[in-house]
1. Which members of the stretch 36-62 meet the condition of being closer than 19 Å to residue 259 by Cβ, in contact (Cβ under 8 Å) with a residue 60 or more places away in the chain and buried (at least 22 other Cβ atoms within 10 Å of the Cβ)?
2. Residue 91 versus (1) under 30 Å from residue 292 (Cβ atoms); (2) crowded, with 18+ Cβ neighbours inside 10 Å: which is the lone unmet condition?
3. Which of the residues belonging to the stretch 218-240 are surrounded by fewer than 16 Cβ atoms within 10 Å (Cβ to Cβ) and closer than 17 Å to residue 154 by Cβ?
4. Scan (1) assigned to a loop (DSSP other than H, G, I, E, B); (2) closer than 21 Å to residue 126 by Cα for the single condition residue 61 breaks and write down its number.
5. Residues being touching a strand residue (DSSP E or B) at 6+ places or on another chain (Cβ under 7 Å) and on the phi > 0 side of the Ramachandran plot: count how many of those fall in the stretch 181-212.
6. Yes or no: residue 204 surrounded by fewer than 18 Cβ atoms within 10 Å (Cβ to Cβ) and within 20 Å of the chain's Cα centre (by Cα)?
7. Checking residue 134 against (1) away from ligand 2 (no atom under 14 Å from the Cβ); (2) surrounded by 20 or more Cβ atoms within 10 Å (Cβ to Cβ); (3) farther than 16 Å from residue 196 by Cβ: exactly one of these is not met. Which one?
8. Of the conditions (1) within 22 Å of residue 84 (Cα to Cα); (2) within 13 Å of ligand 1 (Cβ to nearest atom); (3) under 16 Å from the mean Cα position of the chain (by Cα), residue 284 fails just one. Which one is it?
Ligand code: OGA
Ligand code: MN
């Protein structure tokens, strides 16, 4: 096994060549991917062409699978994918482009705000694995931000200020920012807000990150306007070009990001014209090989 690693940005992000996850998911390969994730936080593995079963098998080696709680469907709409696969597409259950008024479009809109996956869930989400099955000929790139580098560059006074602060994170907050409303009581009850610290230490690397996301509604104990202004200011700082890059997809690519130390966002494409079929698996807890060794 020879894995070639090419950086995608000066601070973070790498492209890994020489990994063939369809046929080799052995411990050295998975450990090499995780070691690269510790350094680069976002790893693109081009040309994997994984099936759903293969994507699930790869993901299960990196942690425990979480299930999609609510893809924004109405009660009469069937899911296009099984619940371990988050449907990040613009497609309906018949694999056709979503109707203009379909509520599921709202969820794709809020993916275009900078966020970390599932920060509105108490359990710590580790990796997301996004597989590009069908990608549009233009647009639809995914943006990433390095929250470790952002933390490192914060003025010392800001680091001290945020050290013990906590934010409330709610999926309904980010959905509302994109015009979402009339959420059902059963949907809201299934995903109540949670509290997250503003500074997190990565358990594998020991590096600190600032925790921001469009799901963060307010800082606990702060007046609403001050809290909003400070969060907006931090978000603007964190998403400056020196901390971000955009990944241009080809069909078959697998991109893995670490939600503990990055943010990401989707971008526009002609979603009434082109199909974009992206399937995400999301894990928590330690990788299988690491557990066996412990
Ligand atoms: C996701 C996500 C952005 C994109 O899969 O969690 O936010 O570009 N995706 O599809
Ligand atoms: Mn996401």
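Bear in mind that the values in this text are calculations on the coordinates, not laboratory data. Keep in mind the model is a prediction, meaning the values are calculated, not measured. A quick note on method: Cβ atoms are made from the backbone with ideal geometry, for glycine too, and the neighbour counts reach across all protein chains shown.
1. 37, 41, 42, 43, 44, 45, 55, 58, 59, 62
2. (1)
3. Taking the stretch 218-240 as the starting set, the residues that turn out to be surrounded by fewer than 16 Cβ atoms within 10 Å (Cβ to Cβ) are 220-226, 228-229, 232-233, 236, 240.
Once the filter is applied, which keeps residues that are surrounded by fewer than 16 Cβ atoms within 10 Å (Cβ to Cβ) and closer than 17 Å to residue 154 by Cβ, the stretch 218-240 yields 229, 232, 233, 236, 240.
4. Among (1) assigned to a loop (DSSP other than H, G, I, E, B); (2) closer than 21 Å to residue 126 by Cα, residue 61 violates only (1).
5. 0
6. For residue 204, the condition - surrounded by fewer than 18 Cβ atoms within 10 Å (Cβ to Cβ) and within 20 Å of the chain's Cα centre (by Cα) - is met.
7. In the conditions (1) away from ligand 2 (no atom under 14 Å from the Cβ); (2) surrounded by 20 or more Cβ atoms within 10 Å (Cβ to Cβ); (3) farther than 16 Å from residue 196 by Cβ, residue 134 misses (2) alone.
8. (2)
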